[in-house]
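Take a look at the structure below.
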Amino acid sequence: MRELGRRVALLLHGGDVLLLSGPLGAGKTTFAQGIGAGLGITEPIVSPTFTIARELDGRFADGSHAHLVHVDAYRLGGDAYAPGQDVEERLLDELESLGLDEELEDPGANTVILMEWGEQMASTLAPERLEVHIDRPLDDRQDDKTAERQPTSDGTRVVTLVPVGPAWDGARISRFTTPTA
């Protein structure tokens, strides 16, 4: 996952938004560590679950300054809804209270937004984005064959990159076509 993140980082430039999705333990933060390594960030990349967002500085592949905003939306969208408020409105309110709404809607010229668990607000916040879906294999060795199969750490993860919008046109994403083991 780190190597894949590092390779994706080589495609990035200012204004990009990446949304990572997948179950707990899928490798979202490990992928983010690869992005950090690919951007030359020397600070540790850790899950910002309890801080919601961390800002780090590095360099793009062309040597220009890169500002990474690593957001973990896992704890956003609690159950404290106002009357008539839907989930998306609640999430947007929380992002606004954290000062992240404007940065997500219009990242700066050197800023990359990397959001874990952001799929529930993708279309509202980032009309142009790269969605990174990480799936863990399911455990086939369960004793109770009637139970729903649970994800396992064993086996190969499947990562699907979904480019959305002109910023992620075919020419740009086609530079990333070699499969990684």
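If you rank D72, D169, D62 by how much accessible surface each has, with a 1.4 Å probe, what is the order from largest down?
Values: D72 0, D169 75, D62 125 Å².
From most accessible down to least: D62, D169, D72.
Given the protein chains as shown and a 1.4 Å probe, how many square angstrom of T160 are accessible, to the nearest 10?
We get 60 Å² for T160.
Evaluate the distance, in nm, between pseudo-label points positioned 7 Å from the Cα of T156 and of A109 along their respective Cα→Cβ axes.
In this crude label model, T156 to A109 measures out at 4.3 nm.
Given labels modelled 7 Å from the Cα in the Cβ direction, how far is it in nm from D62 to R7?
Label at D62, label at R7, 2.3 nm between them.
The values are calculated or read from the model by the stated rules, or taken from the named source; none is laboratory data. A quick note: this is a predicted structure, and the numbers were derived from the prediction, not measured. Virtual Cβ from ideal backbone geometry, glycine too; neighbours counted across all protein chains shown. Just the protein is used for accessible areas: all its heavy atoms, side chains included, with ligands, DNA and RNA removed. Shrake-Rupley method; radii C 1.70, N 1.55, O 1.52, S 1.80 Å.
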